[in-house]
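Just below is one structure, and these are the notes that go with it.
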Amino acid sequence: MRRLFNQLKTFGFKEFYRRRKKRITNSITKRFGDYLLKFYPKLPQNYEFVLLNYSVSGHFAFSSFLELCGLKHINLSQDNYMYYGEARKMLKNSKRQNFLSISLYRNLKKRLKFTKILSCNFPLVILLRDPISRLKTSINHGYPKAKVSKFEFSLKDDIDKSLPEIVYSGALTPQITDLEKIFDKKFIDFKYQSNLTPFLTRGGGGNPTNHLHRYAGFTSR
């Protein structure tokens, strides 16, 4: 109870209510998403394409690039957390060119069939990266040991003082043993073909005539 009062004091009632509502909605969609998708009407087709994101594949940089090109990013889901209400409202009210993103981070056994709420014909963009590079990036993906209070810096800032210590799964340096955790806990999804199939088959709610576009990233040697 004290924690709730502290959050209310920190964020204010409006933001506190928004966060709690989002948390409850995420919990419901995670448990009953497949059932709910049977009754949700299709989203307004006010989007140029759908982007399938995979973790440690440069998805944040690519989405930021698209936004710099003038497109509006509307997040439909992250794994089996679905933001149907928010996405529908944004698509309905937006006067800009939009794109939807579906992020496939963890290697889940079962995924929601998002094709049921999408239009029958849309370009599909998939962010691809070779598996070895994804594993290398995952191992070298560090996190601040303490909470970061500042996210924008200038050349006058002392980064060593402004940023907390960076750790890698609790260690000060990347650990090759983290590969075992990645596979044991199924942190990364590599099922490109099975994730794509529902979008291209009528059985999955998709359309075999959907356009398929691949975005391949290259690294300098």
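Before moving on, here are some points about what is shown:
- Condition met for V125 (at pLDDT below 70 and under 22 Å from the mean Cα position of the chain (by Cα)): no
- Tally, over region 77-89, of residues that are over 25 Å from K191 (Cα atoms) and either open to solvent by 80 Å² or more (accessible area, probe 1.4 Å) or out of contact with any strand residue (DSSP E or B) (no Cβ under 6 Å at 6 or more places or on another chain) (or both): 4
- Any hit, region 115-137, residues being more than 23 Å from L196 (Cα to Cα) and touching a residue at least 12 places away in the same chain (Cβ under 8 Å): yes
- Region 108-143 - residue that is among the β-branched types (V, I, T) and within 26 Å of A171 (Cα to Cα) and, of those, most open to solvent (accessible area, probe 1.4 Å): I132
- Selection within region 158-194: residues that are in contact with a strand residue (DSSP E or B) (Cβ under 9 Å, 6 or more places away or on another chain) and of a type in the set (F, W, Y). The member of this set that is modelled with the lowest pLDDT is Y168.
- Residue in region 63-76 that is farthest from N98 (Cα to Cα), counting only those that are surrounded by 17 or more Cβ atoms within 10 Å (Cβ to Cβ) and of a type in the set (A, V, I, L, M, F, W, C): L76
- Considering S77, S57, S94, S64, the condition of being in contact (Cβ under 8 Å) with a residue 12 or more places away in the chain and more than 18 Å from I117 (Cβ to Cβ) is satisfied by S57 alone.
The values are calculated or read from the model by the stated rules, or taken from the named source; none is laboratory data. Note that the coordinates shown come from a computational prediction; the quantities given were computed from them, not determined experimentally. Note: ideal-geometry Cβ built from the backbone for every residue, glycine included; neighbour counts use all protein chains shown. For the accessible areas, the whole protein counts, side chains as well, though only heavy atoms, and no ligand, DNA or RNA atoms are used. Shrake-Rupley method; radii C 1.70, N 1.55, O 1.52, S 1.80 Å.
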